[in-house]
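The values are calculated or read from the model by the stated rules, or taken from the named source; none is laboratory data. Here the structure is a predicted model, which means the values were calculated and not measured. Virtual Cβ from ideal backbone geometry, glycine too; neighbours counted across all protein chains shown. With ligands, DNA and RNA removed, areas are computed over all heavy atoms of the protein, side chains included. Shrake-Rupley method; radii C 1.70, N 1.55, O 1.52, S 1.80 Å.
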Amino acid sequence: MSVSPIAFIDLQAQRARLGDAVDQAIAKVLDHGRFIMGPEVAELETRLADMGGAAHCVSCSSGTDSLLLVLMAWGIGPGDAVIVPAMTFASTAEVVALTGATPVFCDVLPDTFNMDPASVESAVATAKDAGLNLKAIIPVDLFGQPADYPAIQKIADAHGLKVMADSAQSYGGALNGKPVGSWGDATSVSFFPAKPLGCYGDGGAVLTDDADLAARMRSLRVHGQGTNKYDNVAVGLNARLDTIQAAVLLAKLDIFADEIEKRQAVAARYAEGLAGIATPPAVIDGAVSAWAQYTIRVQDRNAVAATLKEKGVPTAVYYPVALSDQPAYAHYPRAGNGTPVSQALAHDVLSLPMHPYLDAATQDRILTALKEAVGA
Ligand SMILES: *Cc1c(COP(=O)(O)O)cnc(C)c1O
């Protein structure tokens, strides 16, 4: 008997459900021909802002560029410092370094994998001791779960710092009844295809209530334009979202809330099935995760992953090395006691297949294989 291969993220199941909607949305753009800043871009920005509980949305070319646009608009540069978690994708620290500022790494919590507020406090001291102008904190909503924004905001307020949420993985989630997009001074979102809300290429957006910040980013994403294209008032970027990608996202938004619901059901089934096998990821009180990933910790991670692969179960490791240990970032300062939790996580995290269309029978296959692989 042959069993069908298991997808880590099943974009084809979503495509089948959407039917012709995306094809028609793309065809419409091909017909009207406004490939750059066409009408779909503004329509998408309105819907994203509404759903994220923000007054303004500025779409752009990627999640990375959305982080960069905010830092540029805030005027962050050489001599400044920004606190970032050590357990994250490269972009979070990369954009800080690109502005000429210094990323200061803090550690994360061992159960939620998100920024540890105590380590953020410690990183504040590190930055000040180094004589840097500490300007901002970038909490990351790792694997889809909002960071502890109330605790982080308290620290930011005490030290006069901005907060930019790196919500690349968590758009669609919420904390204490407030949607992702409404926490901090600005929220960065990614539409990379594998994110919970993904387009068919690169894309991103910033959500904010700050009208001045939004206006500056609208200028920066088009070469720092002033009153027109040939009036350059700032050094900017070419960082617009393609109209075709906006059209794809508009079609996908119609089913997005339902997909987030479905992810809750998949996560709940995993949590139940993991009893006696592994500890399910912790979700803080009041949080709705967008479940971009379902990540557990296992001993002998690489061996377990290899056994699962043999059994036809794909897995992924986010991230195999703490960002603070990567060659490009190892020389940047870190919170007083370093980033030991991030380093430990890099050794034992394992992400299981996760998407809204993962059915119970397939999850059973995954859990059975996992149970054998860990010898439970
Ligand atoms: C994906 C991701 C980004 C970058 O998004 P891109 O759209 O790929 O540029 C930034 N931060 C985190 C935490 C991410 O997961």
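Would you kindly state how much longer the chain becomes between GLN343 and VAL222 on full extension, computed as 0.36 nm times their sequence separation minus their alpha carbon distance, in nm to one decimal?
Values: separation 121, 0.36 × 121 = 43.56 nm, distance 3.90 nm.
Here the answer is 39.7 nm.
Bridgeable lysines around LYS28 (alpha carbons under 24 Å apart, same-chain partners fewer than 8 residues away excluded): LYS252.
Where does each of 164-171, 273-280 land if you order them by average Cβ count within 10 Å, highest first?
164-171, 273-280
Based on Cα contacts under 8 Å between residues 6+ apart, the chain shows a relative contact order of 23 percent. Extension gain for the segment LEU11 to ASP23, taken as residue separation times 0.36 nm less the Cα-Cα distance, is 2.8 nm to one decimal. Straight-line cross-link partners of LYS128 among the lysines, defined as a Cα under 21 Å from its Cα and at least 8 positions apart when in the same chain: LYS154, LYS162. For a straight C-alpha distance cut-off of 29 angstrom, the lysines reachable from LYS311 (same-chain residues fewer than eight places away being disregarded) are LYS195, LYS262, LYS371.
Ranking LEU69, ALA125, GLY181 by Cα position along the charge dipole of the chain, where only Lys, Arg, Asp and Glu carry charges on their C-beta atoms, puts LEU69 farthest toward the positive end.
Need one word for the chain: rounded, prolate or oblate. Basis is the Cα gyration tensor (sqrt eigenvalues a ≥ b ≥ c); a/c below 1.5 gives rounded, then a/b vs b/c decides. Oblate is the answer for the chain, as a/c is 1.5 or above yet b/c matches or exceeds a/b. Mean sequence separation of contacting Cα pairs (under 8 Å, at least six apart), scaled by the length of the stretch 217-353, corresponds to a relative contact order of 19 percent. Between GLN264 and VAL233, the simple spin-label model (points 7 angstrom out along Cα→Cβ) gives 4.4 nm.
Taking a ≥ b ≥ c as the square roots of the Cα gyration tensor eigenvalues, the stretch 82-233 comes out oblate, since a/c reaches at least 1.5 and a/b does not exceed b/c.
Looking at the square roots a ≥ b ≥ c of the eigenvalues of the Cα gyration tensor of the stretch 245-376, which shape do they give, rounded for a/c under 1.5, prolate if a/b is larger than b/c, or oblate?
Values: a/c = 1.83, a/b = 1.17, b/c = 1.57.
Oblate, since a/c reaches 1.5 and b/c is not below a/b.
Give the residues of the stretch 300-323 whose amide nitrogen is closer than 19 Å to a point set 7 Å from the Cα of ALA130 in the direction of its Cβ. It comes to 322-323, nothing else.
Where in the stretch 130-168 does the amide nitrogen come within less than 20 Å of the point 7 Å from the Cα of LYS309, taken along Cα to Cβ? Within reach of a label on LYS309: no residues. Heavy-atom surface analysis with a 1.4 Å probe gives the chain a carbon and sulfur content of 53 percent of its accessible area.
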